[in-house]
1. Does residue 316 satisfy being at pLDDT 95 or above, buried (at least 20 other Cβ atoms within 10 Å of the Cβ), within 19 Å of residue 210 (Cβ to Cβ) and not hydrophobic (A, V, I, L, M, F, W, C)?
2. How do the helices (runs of 4 or more DSSP H) wholly within region 165-268 filter down when requiring 3 or more residues that are under 23 Å from residue 342 (Cα atoms): which remain?
3. With the condition kept exactly as written, say whether any residue in region 139-152 is of a type in the set (A, V, I, L, M), more than 23 Å from residue 281 (Cβ to Cβ), within 18 Å of the chain's Cα centre (by Cα) and not in a helix (DSSP H, G or I).
4. For residue 129, are the conditions met, namely being assigned to a helix (DSSP H, G or I), out of contact with any helix residue (DSSP H, G or I) (no Cβ under 6 Å at 6 or more places or on another chain) and closer than 29 Å to residue 11 by Cα?
5. Filter region 280-301 for residues that are of a type outside the set (D, E, K, R) and either within 25 Å of residue 165 (Cα to Cα) or buried (at least 18 other Cβ atoms within 10 Å of the Cβ) (or both) and give the result.
6. What's the total number of residues in region 264-279 that are surrounded by 13 or more Cβ atoms within 10 Å (Cβ to Cβ), more than 14 Å from residue 162 (Cα to Cα) and touching a residue at least 12 places away in the same chain (Cβ under 8 Å)?
7. The conditions are (1) of a type outside the set (Ser, Thr, Tyr); (2) in contact with a Pro (Cβ under 7 Å, 6 or more places away or on another chain); (3) farther than 19 Å from residue 53 by Cα; (4) crowded, with 20+ Cβ neighbours inside 10 Å, and residue 172 fails exactly one of them. Which is it?
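The values are calculated or read from the model by the stated rules, or taken from the named source; none is laboratory data. Keep in mind it's a predicted model, so treat the numbers as computed, not measured. Positions of Cβ are generated from backbone atoms using ideal geometry, with glycine treated the same way; all protein chains shown enter the neighbour counts.
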Amino acid sequence: MNYVERYTELNRLFSINNSTSVIYTPYATIHFASFESIPEMCHHTSSNHIIDVDALISENTHFVYPIFMPHSTVRSGKAILLLHGLNERSWNKYLAWAEYLCYTTNKPVILFPLAYHINRCPSSWSNPREIATIFHLRRQLNGNDRYISVANVVLSNRISEKPHRFYCSGRQSIADICSLISTIYKGVHPMLPDVSTVDIFAYSIGAFVAEIALLANPLNLFDDTKLFLFCGGSVFSAMQGKSRGIMDTNAFDMLHTYYLQERNNHLKQFQKNDAIDAAFDTMISAQYNKQVREKFFLSMGNKIKGIALSKDVVIPYAGIVEALGSVCANNQITQLDFDYQYSHENPFPTNHIHQTNEVNEGFNQVFSYARDFFS
């Protein structure tokens, strides 16, 4: 696939705000489905039962999500769920990913937004005038931080205000994914009535969410799920989220302190002490439940594969090894490097006009590997 060309064309065609239409491409048909999320009870504190303001964000509870459908009427009975990265405000870079996987595997690909991401957040979070106010205030408080940016200031501010949002939004995302898959497996999803198995392509923080979901395995929904990790899969303690595209230094340091040093003093009032919480705890630190975690991922055998990028500093390969164990990581995770300048946030940059061929080659190398895995 000419990734750079498809990226441009798909973003010209696609609009989440015009989701009543069906979008036709040479390789797939894009439909939209609606979803209603039930806010997780972790938005209620045990001390005073005050509902967190986040639970009142209507965009997070009522939203639509795109599904790439193959043109072929012959179906395999499987679909692919694509999970995105942290601090995403659009599907821009994922459209060509989904189209490629849909076309080459002949399977529907579901782009499902995590809580408070993409179109699950208020429009004000992307309003330049409102962002400018938060940005200037944050620069005044943390002026020497080179990671403060217009792109990450909303998430940074929200995490700094309430670090437990990371956990709560993750729980809601997993609950929503389980609800979606349950609907599919019951045969009542309007666009996926014949799907009996949902596999997962998980990128960045989406991989963290997917690993927790598979470890907890609510209602045994993930018994047959195959998981492909791209630039993801690390334990939380090894992640380096300081980035102008993700969060600034103050927010990231507060997040690390909260979950690695102070969590027992604060987070327990939000947790339910169920299988999801146990899985979340297992993925926070390399040493916590190490044997349980490594045994589980090793037991997946060839149902887990992935690609890590050598210059990825946000999700380093060493953190993936800590999560999966050295045996599983050595057998199932492939390290790649590209002959162009890339980053974790932008593995396939479309503005390298003099290296378009190299970017296309990098994309096809990664996604042909994923295609073979899902096929």
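1. Values: at pLDDT 95 or above: yes; buried (at least 20 other Cβ atoms within 10 Å of the Cβ): no; within 19 Å of residue 210 (Cβ to Cβ): yes; not hydrophobic (A, V, I, L, M, F, W, C): yes.
No, not satisfied.
2. Where helices (runs of 4 or more DSSP H) fall fully within region 165-268 and carry at least 3 residues being under 23 Å from residue 342 (Cα atoms), they are 205-216.
3. Here is the first cut: in region 139-152, the ones of a type in the set (A, V, I, L, M) are 141, 148, 150-151.
Remaining after also requiring more than 23 Å from residue 281 (Cβ to Cβ): 141, 148, 150-151.
Those still in the list that are within 18 Å of the chain's Cα centre (by Cα) too: 151.
Now restrict to residues that are not in a helix (DSSP H, G or I): 151.
Yes, there is a match, as at least one residue in region 139-152 is of a type in the set (A, V, I, L, M), more than 23 Å from residue 281 (Cβ to Cβ), within 18 Å of the chain's Cα centre (by Cα) and not in a helix (DSSP H, G or I).
4. It is true that residue 129 is assigned to a helix (DSSP H, G or I), out of contact with any helix residue (DSSP H, G or I) (no Cβ under 6 Å at 6 or more places or on another chain) and closer than 29 Å to residue 11 by Cα.
5. Result: 280, 282, 283, 284, 285, 286, 287, 288, 289, 296, 297.
6. Adding up the residues that qualify gives 5.
7. (3)
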